[in-house]
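*Asks:* First the structure, then my questions, so here it is.
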Amino acid sequence: MTHPRAANRNATRFAALSAVLAAGVSFFALPAAAQSEIRVAWYGGNWGDAFRTCVAEPFTKATGVRVVPEIGTSTVTLAKLQQQKDAPTLDVAYMDGGISELAQAAGVLDAIDPAGVPNLSKAQPEAVYKADGSIFAVGSGYYSLGLTYNTKEVKTPPTSWNDLWKPEFEEAVTIPSPANSSGVPFVMFLNRMWGNPPGDLSKTFAKLKTLKTALYFDSSGAASNAYQSGEALIGAHFNVGAWDLADKGLPIGFTVPKEGVWATDARLHLVKNAPHKADAQRFIDTALTPQASACLAEKLYLGPAVQGVSVSPEVERKLPWGVGGSVKNLQLFNWADINRDRAAITDAWNRELARQ
Amino acid sequence: MNRALPLLAAPVAFFVAFFAVPMIVVVSSSLMAGGVPSLGNYARVLLDQYHWDVLAATFRIAGLTTAACALLGYPLAYYLVRVVKSRALRRTCVILLVLPLFTSNIVRSFGWMVLLGRNGLVNDALVGAGILDRPMRFLGTELGIVIGLVYILLPFIVLAVGNALAAVDPALEDASSDLGATPFDTFRTVTFPLCLPGLMSGIVMVFTLAVSAYVTPALLSGGKITVFPMLIFQQYSTVFDVNYGGALSMTLLVMTLVLVGLAGWIGNAGADAKGRAAR
């Protein structure tokens, strides 16, 4: 026979256990029932942080819908979308120009309907991307690859991309390699800048071969590292990365040379068969408000893709088009052309430049 | 016997899911071109002198890395196992040796970029000590890549050799010196041959890891030297040609296996000849 006190203790224990279990069950069950959520794919690091602060938090505040981020580069996000094509879990995806077109071709994107996203009318016309008559992407902010230099070592600020060939910068120049998303378009940009025919890059490669570089960078981080350590004194870098270094107190300057800059953008996409389409559309709508756009400009120096955004003069000079510029000053290439020539340019680069 | 089968199921499932299936995917994609079965990707790889040049550079860098690891790692393992008497000290040394393996390759390679740069610590020290007149270029040279790889792969050879050395029965060495052999002769004829299998497994491990390394060469080459894994990564991550990329992958795999097999065969043949000579 069990001692009464022991039985009592057992009963108490059982009650406590079931209470814990019940609490556990309701804890897991509650959010799904009471609060809906959407899944948004965006990038890591300060980019992801900025998207959270500038877009996701205001969106949750206004709608009560939680935003679950899925962090990855554009390429990884595209791979995920292709994998879950039949039963997607993602609702909205941020992807860069270039990958955006590949996603469209892969058939993983839904058309963005202006009726569901009223703020679409406020976007810059250049930032609305269409294929077969429907909108497959909308820009969330521009960034450019401009001239970046060490303000301590480079006394007169450079004004032209051709300044990279000056003898005093020998062995201290860096430009992107094709492993970087800007590598292939940068070659095409130089080709156009020097007036060489679009289909023939041989002269451009011959000229690039005479450039005495310290390194070709394959990631934005490697470029930042090179400028920070003084390995590179001048070269190309993204306005986002270059100003980030300058803001940390390093002697780094960024300028838009007279020939202009190549630029691209981070874009928003509605996933085909998104599980929460209505909320996903509202998320994109929130991202297209002037407030969100100004916030991204302040945090990342992304050039607003929304009309009528005003930012402080300090932020304005760090935008991708430089002082007094606008989206009209950016050289936005057609990514279809870039993707078509990508394999050939990468191959030529390997043979001409990536060997001693 | 039958009871072992369920136990075997887990590792077999793991092997199939994470090795066999991905491998089949890569092989089958490498045999497709433009949506039809074809050997075109392999022709494109093998009939082009450029790929052979890159392959040669890859094997040269891996070979130098392996040689440097063996030369540095063997004495280090000997010191740890035979010279260090205190158990606590030996343990500390092994932990120090293994500790860098817990940090990501990317972080460690970035560290070497800073150290080996024109204004880096290594150049500052060499110039400061009067060994060099002006900073030497390490980044973007094969030497720089080898330095980075040796640092990352050294623990593998030390652990392999250390284990083999620790397993050598001291009685055999005692017998050798009792019979009048000098310490050097004992090392040459008893100790070294006994830990040769450990050294060989360390060498194979380091060589294959060096051949397939991507992050370290990509960062320390500064994009000026291309090794085979960089070509493969390019095709998969930016050009999105998985067929050509797959053919590149299989080419590197087969060439590496051939080279490792050849080394093993030569090693065995050498050992056999020596064994016959001794008899």
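*Asks:* Below 11 angstrom from the Cβ of A:PHE169, what's the summed charge of the other residues (Lys, Arg +1; Asp, Glu -1)? Let's see the in-between values first.
*Replies:* Working: positive: A:LYS166, A:LYS212; negative: A:GLU153, A:ASP163, A:GLU168, A:GLU170, A:GLU171.
Neighbourhood net charge equals -3.
*Asks:* Among the lysines, select those whose C-alpha is under 16 Å from the C-alpha of A:LYS155, and discard any that sit fewer than 8 residues away in the same chain.
*Replies:* A:LYS166
*Asks:* A further question on this structure: Roughly how big is the A-B contact, given as buried accessible area in Å² (both sides, 1.4 Å probe, nearest 100)?
*Replies:* 2400
*Asks:* Quick one: P(r) of segment A:93-184 from all Cα-Cα pairs, 5 Å bins, percents rounded to integers, in order of increasing distance.
*Replies:* Values per bin, smallest distances first: 2, 10, 18, 15, 12, 10, 9, 10, 8, 5, 2, 0.
*Asks:* Next up: With the dipole of segment B:43-271 worked out from charges on the C-beta (+1 for Lys and Arg, -1 for Asp and Glu) around the Cα centre, which of B:THR238, B:VAL260, B:LEU71 lies farthest toward the positive end?
*Replies:* The listed residue farthest towards the positive side: B:THR238.
*Asks:* Next question. Rounded to the nearest angstrom and ordered from largest down, what semi-axes does the equivalent ellipsoid of chain B get from its C-alpha gyration tensor (root of 5λ)?
*Replies:* Rounded to whole Å, the semi-axes are 37, 29, 20.
*Asks:* Would you mind working out the accessible area per residue for segment B:80-144, using a 1.4 Å probe, and quoting it in Å²?
*Replies:* Accessible area per residue, segment B:80-144: 63 Å².
*Asks:* Same structure again: Roughly speaking, to the nearest percent, how much of the protein assembly as shown's 1.4 Å accessible area is carbon and sulfur?
*Replies:* C and S fraction of accessible area: 64 percent.
*Asks:* Just need the relative contact order of chain B here, percent rounded to a whole number, with Cα pairs under 8 Å and 6+ apart.
*Replies:* 28 percent.
*Asks:* Can you give the translational diffusion coefficient of segment B:139-243 in µm²/s, computed by Stokes-Einstein from the Kirkwood radius over Cα pairs at 10 °C and 1.306 mPa s?
*Replies:* Stokes-Einstein gives a translational diffusion coefficient of 96 µm²/s.
*Asks:* Right, here's the next one. Report the net charge of residues surrounding A:THR213, where surrounding means a beta-carbon distance below 15 angstrom and charges are Lys +1, Arg +1, Asp -1, Glu -1.
*Replies:* Local charge sum for A:THR213: +1.
*Asks:* Something else now. In square nanometres and to one decimal, what's the mean projected area of the convex hull around the Cα atoms of segment A:197-356?
*Replies:* 12.4
*Asks:* Turning to a different aspect of this structure: Let me confirm one metric for peptide B:50-60, namely the mean number of other chain beta-carbon atoms within 10 Å of its residues' beta-carbons.
*Replies:* Mean inter-chain Cβ contacts per residue within 10 Å come to 1.
*Asks:* Another one. Is there a quick way to get the dipole size of segment B:43-271? I mean about its Cα centre, with the Cβ of Lys and Arg at +1 and of Asp and Glu at -1; what is the value in debye to the nearest 20?
*Replies:* Computed about the Cα centre, the dipole is about 540 debye.
*Asks:* Right, another one. Sort by residue number and report every cysteine in the protein assembly as shown with no other cysteine beta carbon within a distance under 4.7 Å.
*Replies:* B:CYS69, B:CYS93, B:CYS195
*Asks:* Sticking with this structure for a sec: Where Rh denotes the Kirkwood radius from the mean inverse Cα pair distance, what is Rg over Rh for the protein assembly as shown?
*Replies:* Expressed as Rg/Rh, it is 1.04.
*Asks:* So which helices of chain A fit the span-like rule, where a helix is a whole DSSP H run, its Cα atoms reach 20 Å or more along the axis, and its mean Kyte-Doolittle is at least -1.0?
*Replies:* Qualifying helices, which must be both long enough and hydrophobic enough, are A:4-34.
*Asks:* Further, regarding this structure: Per 5 Å bin from zero, what fraction in whole % of the C-alpha pairs of segment A:242-309 is there, up to the bin with the longest pair?
*Replies:* For segment A:242-309, the binned pair fractions read 3, 13, 16, 18, 18, 14, 8, 6, 4, 1 percent.
*Asks:* Rounded to whole Å, give me the distance from the Cα center of segment B:217-252 to that of segment A:308-356.
*Replies:* 24
*Asks:* Next question. On alpha carbon coordinates alone, what is the Rg over Rh value for chain A, Rh being the Kirkwood radius?
*Replies:* Result: Rg/Rh = 1.11.
The values are calculated or read from the model by the stated rules, or taken from the named source; none is laboratory data. No experiment lies behind these values; they were computed from the predicted model shown. Counting neighbours? That spans all protein chains shown, and the Cβs are built from the backbone with ideal geometry, glycine included. What goes into the accessible areas is simple: the full protein's heavy atoms, side chains included, and nothing from ligands, DNA or RNA. Shrake-Rupley method; radii C 1.70, N 1.55, O 1.52, S 1.80 Å.
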